[in-house]
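As structure tokens, the structure follows; a few thoughts come after it.
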Amino acid sequence: MAENKQRRGSDRTLLNSPVSGCILKQSLAHGENEAESVFERTESEADQESERPKEIQRRQSLDLRHPDDEEQNAPENPPTPVGLFHSSLRPVWRQVIKKWLVTVVIIMCFILCILSLYWSVIFHAERNLSAITVAVVDFDSNIAPYDSGVALVGPVVEQLAREHALKRGSLGYVVHPPSQYNDDPLAVRQAVYDEHIWAAVIVNAEATTLLQRAVATGNQTYDPLGAGHFIVNSARDQKAYTEYIMPLLSQFQTSAASIFAEQWIPSILSNSSLSSTTYSRSPQALNPAIGFSTVDLRPFEPYQVTPAVTIGLIYLIIMAFFSFSFFLPVYTEFLIPRGHPSVHFWQLVLIRLFATTCTYCLMSLSYSLVSLAFQIPFSSNSSPHSETGTVIRHGAFGKGTFVVYWMLNWVGMYALGLASENVSMIIGQPWTAFWLIFWVITNVSTSFYTISLAPKFFRFGYVWPLYHIVKATRILLFDLHSRIGLNFGVLFAWCAINTVLYPFCCVFMRWKSDKDCARRVPRKTIKYLVDG
């Protein structure tokens, strides 16, 4: 108290002096201004400090983890759970509903766009049936010793084929002269085997002659089906033959027999030189009079072959796809320093590529052994095959067919799987599920169904991997016309392209992972790291 009184007394003395009083007044005025500014700053900082706990409490109630709030968002200080309809969750509800709607719209658009590919592959099948070429070759009365008479059967069949070719929803009937095949019916079979045409309708050279003899002599052994042949190759595409070609050929035969009978029966009944007693012993020579027997060069059998060329190959795609997610955690052990240094990144890429190749080799062996276990014939002890005769259960490469089949599945799995790995590294989760569906549907729709009957859009299937796997498998199992070099060539091209892209996709995935990790690191942690 004494010191304060002494200080106030000295202040009054200074204020009473003219010079000192002036200086002191200026100083006091300046001090008052500084005090006011300091007071304003202090008040502003106090307001900020008072609002900061409110902001932190609001973030905690909404469970929004801001990088500046590590203490409040630490695992040991979790926010208190609230009810589903708590007022603090209103922003969360808006965010969840928005994301839910966006996700549903994306999935719906994906369904409409991608699944439509599978439905549309046979949408215009009836309109495109003319792409299934069927050659009609009339040898009736054209080859010695049956070339002396007037042909009756052949012209009817040719005219019917021309009429059917003009109809919508009919096969692509094309009348070919016998000279195009050097007057050799076996050359027509060869054209079917070589897949120049899908099927052939052959009118035999003796069709009219044998029919007339049967009526004149009453031949009871006359077979109307000997008038001609349907030449098919069902192992080429059993679905197309079963659902389209054979039913329409059956209709063609019925129409041919009906039209011919309308002309044939009146001519017999009006011919006085023929004895009714004689031709009554051969009624089949009057009706149906003619028919066609079917020659299937490569029948689709045994039936357990079906999974190997259809549905079973879907699992080849799926197994190749999921190998990425199964083995990626295994390979990352080289990068996680758990008592050992991590390897160089480029070496990890080489390890992954080599291990993936070995994985596909062993997985394809297991897949191939399933077909072998269920007695799918990969070899035959019969004599060398004939391309123009019916052959059943004849492997294309004899006892080595299974090894080639295994190599085909290996290369095919590599082509299908490595493409999936590259795309998975680029797009990441959850979009890989969309990729798998797209990859399966585009491959299945262009390999399990006839591209010739599909809209032109599906011509891309000719370069898709599964198309060539299916074609090569049919060649191996049924000894079809071999284009296996082309099939392997396309698959190797897929392998080469994806192998070249593989390192770049790995680099992109690492860059994306580093970017995601950097985004998750709190700001204060980054500051501490920078500060050393």
(message) Suppose we keep only residues that are in contact (Cβ under 8 Å) with a residue 60 or more places away in the chain and surrounded by fewer than 17 Cβ atoms within 10 Å (Cβ to Cβ) within segment 240-265. Which one would you say is nearest to residue 195 (Cα to Cα)?
(response) 255
(request) Considering only segment 194-214, state which residues are buried (at least 22 other Cβ atoms within 10 Å of the Cβ) and in a helix (DSSP H, G or I). (result) 207, 208, 211, 214
(message) Give me the helices (runs of 4 or more DSSP H) completely within segment 232-328, filtered to those with at least 3 residues that are of a type in the set (Val, Ile, Thr), ordered by residue number.
(response) 246-269
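Of all residues being out of contact with any Phe, Trp or Tyr (no Cβ under 6 Å at 6 or more places or on another chain) and among the β-branched types (Val, Ile, Thr) in segment 435-472, which is nearest to residue 131 (Cα to Cα)? Just the residue, please. Don't jump to the end; show me each part of the working.
Of the residues in segment 435-472, the ones out of contact with any Phe, Trp or Tyr (no Cβ under 6 Å at 6 or more places or on another chain) are 435, 437-440, 442, 444, 448-450, 452-460, 462-464, 466-472.
Remaining after also requiring among the β-branched types (Val, Ile, Thr): 437, 440, 442, 444, 450, 463, 469-470.
Details: 437: 29, 440: 26, 442: 21, 444: 21, 450: 10, 463: 20, 469: 23, 470: 21 Å.
Among them, the one singled out is 450.
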(request) Output the number of the condition that residue 408 fails; it satisfies all remaining conditions of (1) crowded, with 22+ Cβ neighbours inside 10 Å; (2) over 29 Å from residue 243 (Cβ atoms). (result) (2)
(message) Tell me the residue from 136, 174 that is within 24 Å of residue 233 (Cβ to Cβ), in contact with a Phe, Trp or Tyr (Cβ under 8 Å, 6 or more places away or on another chain) and in contact (Cβ under 8 Å) with a residue 40 or more places away in the chain, please.
(response) 136
(message) Could you tell me how many of the residues in segment 111-124 are part of a loop (DSSP other than H, G, I, E, B) and of a type in the set (Phe, Trp, Tyr)?
(response) 1
(message) Going residue by residue through segment 119-136, is there one that turns out to be farther than 21 Å from residue 452 by Cβ and among the acidic types (Asp, Glu)?
(response) no
(message) Let me confirm something: among 286, 269, 274, which residue is closer than 18 Å to residue 213 by Cα, among the aliphatic types (A, V, I, L, M), without any contact (Cβ under 8 Å) to a residue 24 or more places away in the chain and outside the structural domain of residue 469 (by TED's automatic domain parsing)?
(response) 269
(message) Which numbered condition in (1) surrounded by 12 or more Cβ atoms within 10 Å (Cβ to Cβ); (2) over 28 Å from the mean Cα position of the chain (by Cα); (3) of a type in the set (S, T, N, Q) is the only one that residue 273 fails?
(response) (1)
(message) Take residue 390 and tell me if it is in a helix (DSSP H, G or I), among the polar types (S, T, N, Q), within 30 Å of residue 122 (Cβ to Cβ) and not assigned by TED's automatic domain parsing to the domain that holds residue 231.
(response) no
(request) Go through the residues of segment 308-318 one by one and say whether even a single one is crowded, with 20+ Cβ neighbours inside 10 Å, closer than 30 Å to residue 189 by Cβ and not assigned by TED's automatic domain parsing to the domain that holds residue 387. (result) no
(message) Going residue by residue through segment 144-151, is there one that turns out to be in contact with a helix residue (DSSP H, G or I) (Cβ under 9 Å, 6 or more places away or on another chain), buried (at least 19 other Cβ atoms within 10 Å of the Cβ) and modelled with pLDDT of 90 or more?
(response) no
(request) Please find, within segment 224-265, the residue that is farthest from the chain's Cα centre (by Cα) out of those that are polar (S, T, N, Q) and farther than 23 Å from residue 447 by Cβ. (result) 263
(request) Name the single residue, out of those in segment 139-160 being touching a residue at least 40 places away in the same chain (Cβ under 8 Å) and aliphatic (A, V, I, L, M), that is farthest from residue 191 (Cα to Cα). (result) 150
(request) Report, by residue number, each residue of segment 449-505 that is of a type outside the set (A, V, I, L, M), under 26 Å from residue 300 (Cα atoms), under 15 Å from the mean Cα position of the chain (by Cα) and in a helix (DSSP H, G or I). (result) 458, 459, 461, 462, 465, 467, 468
(message) I need the full set of residues from segment 125-135 which are outside any loop (DSSP other than H, G, I, E, B) and either outside the structural domain of residue 233 (by TED's automatic domain parsing) or surrounded by fewer than 23 Cβ atoms within 10 Å (Cβ to Cβ) (or both), in order please.
(response) 129, 130, 131, 133
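Which of the residues belonging to segment 194-209 are of a type in the set (A, V, I, L, M) and out of contact with any Phe, Trp or Tyr (no Cβ under 7 Å at 6 or more places or on another chain)?
197, 200, 207
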(message) Residue pairs, Cβ under 9 Å, 6 or more apart or interchain, first in segment 348-368 and assigned by TED's automatic domain parsing to the domain that holds residue 326, second at pLDDT below 90 and not in a helix (DSSP H, G or I). List them.
(response) 348/335; 348/342; 351/343
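The values are calculated or read from the model by the stated rules, or taken from the named source; none is laboratory data. Being a predicted model, the structure only gives us computed values, none of them experimental. Please note: Cβ atoms are built from the backbone with ideal geometry, for glycine as well, and neighbour counts cover all protein chains shown.
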